[in-house]
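Before any comments, here is the structure.
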Amino acid sequence: MNLIQLDIVGLSNSQTQSGAFALVLGEVQGRRRLPIVIGNFEAKAIAIALDNEFKSQRPITHDLFKSICKGYDIVVQKIVISSINSGGIFSSIIYCIDMNGKEIEIDSRTSDAVAIAIRFKAPIFTYAVILEEAGIILEQDITDEIKTIEEKKAESTSNFENFTNSELEERLQKAILEEDYELASKLRDEIDNRK
């Protein structure tokens, strides 16, 4: 079957399920997007992996998996989103190579596979049939609108020096309540740098 490489386009609150998140993967050579509904814990694991500046105090499960693989000379080569069932649940396979060159296939939830792929800098793929079945095409103006929102957010977080310590603390609490952990980690860093 024909594999199509995907990149992580975004991670946001799910519009369809309360308390869930939408992981959006995008075709590297195209405009199709693959939205995947994931849970809160899985979204945090992916967000932590995407934020190079944030490190958890103790290793979370995906970090532990990476440490074990490293200890046994196992390398994650790629992940493949391999199927989708009638309920819209995706399944994935993590492809690894051990120290003897033997390929190992590990069945995985897609959210876990993506969190692991980020940590190993491994590419993410899916089959064309899955992208045809579950993928969507974003119009160009919507994509531009998303980029504009992200740029505005980046601008709003880059001028922390203009805020007082109490304003930073208030913004930090608000970011945590809204589960915007990327912003929360930046605010925490700014507060720590001032001490």
**Complete:** Pairs returned, first residue in region 167-195 that is over 21 Å from LEU50 (Cα atoms), second residue that is open to solvent by less than 80 Å² (accessible area, probe 1.4 Å) and β-branched (Val, Ile, Thr), beta-carbon separation under 9 angstrom, 6 or more apart or interchain, are LEU168/ILE191; GLU169/ILE191
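Does GLY87 qualify as being in a loop (DSSP other than H, G, I, E, B), open to solvent by less than 40 Å² (accessible area, probe 1.4 Å) and either modelled with pLDDT under 90 or in contact with a helix residue (DSSP H, G or I) (Cβ under 9 Å, 6 or more places away or on another chain) (or both)? Walk me through how you get there before you give the answer.
Values: in a loop (DSSP other than H, G, I, E, B): yes; open to solvent by less than 40 Å² (accessible area, probe 1.4 Å): no; either modelled with pLDDT under 90 or in contact with a helix residue (DSSP H, G or I) (Cβ under 9 Å, 6 or more places away or on another chain) (or both): yes.
In short, no.
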**Prompt:** When both residues are 6+ apart or on different chains and their Cβ atoms are under 8 Å apart, which pairs have a first residue that lies in region 61-79 and is over 16 Å from LYS121 (Cβ atoms), and a second that is open to solvent by less than 80 Å² (accessible area, probe 1.4 Å) and not in a helix (DSSP H, G or I)?
**Reply:** ILE68/ILE74; TYR72/ASP98; ASP73/ASP98
**Message:** Just checking, does region 51-60 include any residue being modelled with pLDDT under 85, open to solvent by less than 60 Å² (accessible area, probe 1.4 Å) and among the charged types (D, E, K, R)?
**Reply:** yes
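Return the residues of region 22-54 that are of a type outside the set (Asp, Glu) and in contact with a Phe, Trp or Tyr (Cβ under 9 Å, 6 or more places away or on another chain); say none if nothing qualifies.
In the first step, residues of region 22-54 are kept if they are of a type outside the set (Asp, Glu); the result is 22-26, 28-41, 43-50, 52, 54.
Answer for region 22-54, where residues must be of a type outside the set (Asp, Glu) and in contact with a Phe, Trp or Tyr (Cβ under 9 Å, 6 or more places away or on another chain): LEU34, ILE36, VAL37, ILE38, GLY39, ASN40, ALA43, LYS44, ILE46, ALA47, ILE48, PHE54.
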**Request:** Determine if region 18-26 includes at least one residue that is on the phi < 0 side of the Ramachandran plot and either modelled with pLDDT under 85 or touching a Cys at 6+ places or on another chain (Cβ under 7 Å) (or both).
**Result:** yes
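Give LYS70, LYS78, LYS44 a once-over and let me know the one that is of a type in the set (Lys, Arg), surrounded by fewer than 19 Cβ atoms within 10 Å (Cβ to Cβ) and touching a Pro at 6+ places or on another chain (Cβ under 7 Å). Working first, answer last.
Values: LYS70 fails: touching a Pro at 6+ places or on another chain (Cβ under 7 Å); LYS44 fails: touching a Pro at 6+ places or on another chain (Cβ under 7 Å).
It is LYS78.
The values are calculated or read from the model by the stated rules, or taken from the named source; none is laboratory data. No experiment lies behind these values; they were computed from the predicted model shown. Positions of Cβ are generated from backbone atoms using ideal geometry, with glycine treated the same way; all protein chains shown enter the neighbour counts. Note: accessible area is taken over every heavy atom of the protein model, side chains too, but ligands, DNA and RNA are not part of it. Shrake-Rupley method; radii C 1.70, N 1.55, O 1.52, S 1.80 Å.
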